[in-house]
Every structure is written in C-alpha cells, then in structure tokens.
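First up is the structure itself, then whatever we jot down about it.
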Amino acid sequence: MDHDGSAKVRELLARGVRIPSPLTVHVGDEVDVARISADGVTIHPGCRIRGAGTVISAGVTLGAEGPVTLEDCHLGPRVQLKGGFFSRAVFLEGANMGLGAHVREGTLLEEEANGAHTVGLKQTILFPFVTLGSLINFCDCLMAGGTSRKDHSEVGSSYIHFNFTPDGTKATASLFGDVPRGVMLNQRPIFLGGQGGAVGPLTTGFGAVVGAGSILRDDVADDTFVLTPPAHGVSRPVTPHAHRKLRRVVERNVDYLANLVALHAWYTHVRAPFFAAQELGDLVFEGALAVLASARRERAARLTALVATVTPDDDARRELRERIGEVIAVLDEPSVPDGAAFLEALGSPTAGYVATIQQLPPDVAQAGVAWLQQIVDELRSRVAALVPSLSLYAG
C-alpha cells in the first residue's frame, strides 16, 4: 500500500486539480478524492490534506502564502486558505484566511468572512463579510454585522477575546451582534479597535464602535462609542469560585446558546436549499450543521462545569445547582416555532444566498427577525422559569 500520499495526489491530478509541485503535497490515504472538486482547485507546495470528512469545493486555493495543513474541514466554493493549520472547521463561499492561521474545531466562517495573518480561532462563528486583522485571538464568540466587503464588522489587529478565567472555566462566550438581526445582512457594522480586548461573556450591539486599546468588561449597546479608561490598580485576596457576577454570567451563556438554537433553525429551514444548489454543497451543509452542534455541546458543557463550582450557599445558587441539568435539556432539545409565515414569504431561492437575503422586502426581513427572536426569547423565558430564585432577565 502506498502510504506517502502520492497515490491520492496522482488521483487528484488525473481529476484536473492543479498541483504545481505534487512531490511536496501529502494527501492522507483516508481522504476521499470524490469529495474534492476538479473545478479550479489549486493546491500549492507543502500542503497536507487529511481526514475522511474533508470537502474541497470548486475554486478553492490552498497555500498561496505558505503551507496549509487541512484536517477534516469543509470548504465551500472559492475559499482561500493561504497558510496555516485548519482542523474541523467550515468555510463558506469566498471566505479566506491569511498566513499563520490556527483554526480549530467549532469554527464557521460564512460568506466572505476573512482574517489577515496569524489569527487564532476556535469555537468561533463569523457571519458574512466580518473581517479580522492580524495577530488576533478570537475564540469562543460569534460576530455579525455589515452589509458588504466595503461595509463590514471589523476586529483590529492584536485583539484578544479573553475566554479563560483564573478558575479555569470557559463559560465566557460573547455575542458581537446577534443571530436574529445579524442573519438579515442589513445591520450596521461593529468596530473593535486594535490593541484591545473583550473579557467574556458579554454582548456588543450593532453599530458599536470601540476605541483602540480598550478592554471591554461590560456589555455595549447598539450604536454606542466606547473608549475604556486604564484599569485602576487593585490588590485583594483571591477567593476561588466566588462568582460575584453569577447571574450575569448565566444570562450571557443562556443568550449564546439560545442564539445558536436560532442559527440552527435558520440553517435547516432557510439555508439548506442554497447549499443544495452548489457542487458538494450538501456535504458542506452537513459540516456546517456539525459545527453548530459542536458549538452547542461546547457551551452546554462549559456552563455545566461552571455551575458545578458554585457553592450552594443561598436559594438562588442552590436552585441553579439542582436544576442545571433541566436548563441544559431545555437548550439542548428545544421546541422552536417553525417560522412558517416568513418561510412562505421567502419562497424558493432564485439567486445566491447573500443576494437573496439582502433583496428581501423590509416586512419579510422583519418577519424573519421576529421568528428568530421568538426562539431566543422563549428559551430565555423557559430557563428563567426553572431557576426563579436567580431572577434571570429581571432587569
């Protein structure tokens, strides 16, 4: 048996894939070449492709700036991964990443989302057009906003989403924008200035502008400019697992999970036909659904782990400890409204996904927002009813 990848490389060359230096490219024995398009795919020198789940659609370019290691990723049409490591992630049409990227499981970049060089992502969801600068760590978050490649949400260079706490928990996922409004691709962009950061979990509204060097520790409302002052010096004893802002942390985690449920509904009811129209699109769609499922599992596991460290020294904390399993069950297997009125108005796709959504009449788009927001609101209400002592979403 040929274990050096050359047999698979020969198969790809025979199918018409462009590989300028085939002796430098390795393709694992487990890779199914039928899941790699022969239409305009280019694999530059030094690339390694592995994983039985790998899908590479038409027009994809790998390794234009440096070697790429691709592992069980699903790539839509015209994706460009210019150099780095990519594992169990999904990239939709026109998405691209620069040299030195390190992109891991649970990551989904939608149409034309992109990053410059040396960007780290894990459990990250970027809606269309979202742009990341260089030298960024943006794990455990979702970002939306913007209407085009000229009008997009932007994360400045050297930005960090702080997603790990001194207690070792990662119940810290942040929403930059939201799903119900963000999927309509008509919201004002969000700007996060460079050399800054955000301490999750938090929410940032559409149209927010955060000045360079700012460290966000609180939520930011829509259309708000924020320039945070330097932090004051603090010296005090460390109390492990104090959870001083427990209610807020639980709320933000529930919000994130509820938005993921809404996004899953959007994919299954709205986006599926658009994938079906693409070569290998059904396989890319499967990958996207798997990422969304992975994201929900990750967030549920992190919230459960956090609650396990909570000392049940009052009614609210005791109730949360006792009912976290029920909370997760509500978020894991939700009964969601089907959005029939919106879907009937949407009809069958006659153009590409982005064009179709952006051409929706305002009343139809608003009906879609209302449907998805109903999903989020109902899940929030059901969770709040399970732990009334914690007074979730009480204002």
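A count restricted to region 17-48 and to residues that are over 15 Å from Gly59 (Cα atoms), part of a loop (DSSP other than H, G, I, E, B) and of a type in the set (A, V, I, L, M, F, W, C) stands at 3.
Looking across region 208-228 at every residue that is of a type outside the set (A, V, I, L, M, F, W, C) and more than 15 Å from Gln195 (Cβ to Cβ), the one that is surrounded by the most Cβ atoms within 10 Å (Cβ to Cβ) is identified as Asp219. Determine, yes or no, whether Ala370 is exposed (fewer than 14 other Cβ atoms within 10 Å of the Cβ), in a helix (DSSP H, G or I) and at pLDDT 95 or above. The answer is no for Ala370. Here is the figure for region 193-213: residues that are assigned to a loop (DSSP other than H, G, I, E, B), of a type in the set (A, V, I, L, M, F, W, C) and closer than 18 Å to Thr165 by Cα total 1. The condition of being at pLDDT 95 or above, under 30 Å from Ala58 (Cβ atoms), of a type in the set (Gly, Ala, Ser) and buried (at least 18 other Cβ atoms within 10 Å of the Cβ) holds for only one of Ala290, Ala300, that being Ala290.
Filtering Phe85, Phe164 for residues that are more than 26 Å from Gly28 (Cβ to Cβ), more than 14 Å from the chain's Cα centre (by Cα) and open to solvent by 10 Å² or more (accessible area, probe 1.4 Å) leaves a single hit, Phe164.
Please work out which residue is surrounded by the most Cβ atoms within 10 Å (Cβ to Cβ), limiting yourself to region 99-146 and to residues that are on the phi < 0 side of the Ramachandran plot and acidic (Asp, Glu). Checked region 99-146; the qualifying residue surrounded by the most Cβ atoms within 10 Å (Cβ to Cβ) is Glu110. Give Glu322, Glu378 a once-over and let me know the one that is farther than 20 Å from Phe127 by Cβ, in contact (Cβ under 8 Å) with a residue 40 or more places away in the chain and in a helix (DSSP H, G or I). None of the others qualify; the one that does is Glu378.
Which of (1) outside any loop (DSSP other than H, G, I, E, B); (2) over 20 Å from the mean Cα position of the chain (by Cα) is the odd one out, the single condition His264 does not satisfy? Here His264 meets the rest and fails (2).
Cβ-Cβ distances below 8 Å connect the following pairs, each with a first residue in region 227-238 that is in contact (Cβ under 8 Å) with a residue 40 or more places away in the chain and of a type in the set (A, V, I, L, M), a second residue that is open to solvent by 100 Å² or more (accessible area, probe 1.4 Å) and in a loop (DSSP other than H, G, I, E, B), and a separation of six or more residues or different chains: Val238/Pro166. Within region 195-207, residues that are buried (at least 24 other Cβ atoms within 10 Å of the Cβ) have Cβ atoms under 9 Å from residues that are basic (Lys, Arg) in these pairs: Ala198/Arg217; Gly200/Lys170; Gly200/Arg252; Pro201/Arg248; Pro201/Arg252, counting only partners at least 6 apart in sequence or on another chain. Filtering region 325-352 to residues that are outside any helix (DSSP H, G or I), over 19 Å from Ala367 (Cβ atoms) and under 24 Å from the mean Cα position of the chain (by Cα) leaves Glu333, Pro334, Ser335, Gly352. As a summary of the residue check, Glu30 satisfies the conditions (1) open to solvent by 70 Å² or more (accessible area, probe 1.4 Å); (2) at positive phi except for the one numbered (2). For region 165-192, enumerate the residues that are over 19 Å from Leu257 (Cβ atoms) and outside any strand (DSSP E or B). Correct list: Pro166, Asp167, Gly168, Met184, Leu185, Asn186, Gln187, Arg188, Pro189, Ile190.
The values are calculated or read from the model by the stated rules, or taken from the named source; none is laboratory data. Keep in mind that this is a model prediction, so the values were computed, not measured. Positions of Cβ are generated from backbone atoms using ideal geometry, with glycine treated the same way; all protein chains shown enter the neighbour counts. Heavy atoms of the whole protein, side chains included, go into the accessibility calculation; ligands, DNA and RNA do not. Shrake-Rupley method; radii C 1.70, N 1.55, O 1.52, S 1.80 Å.
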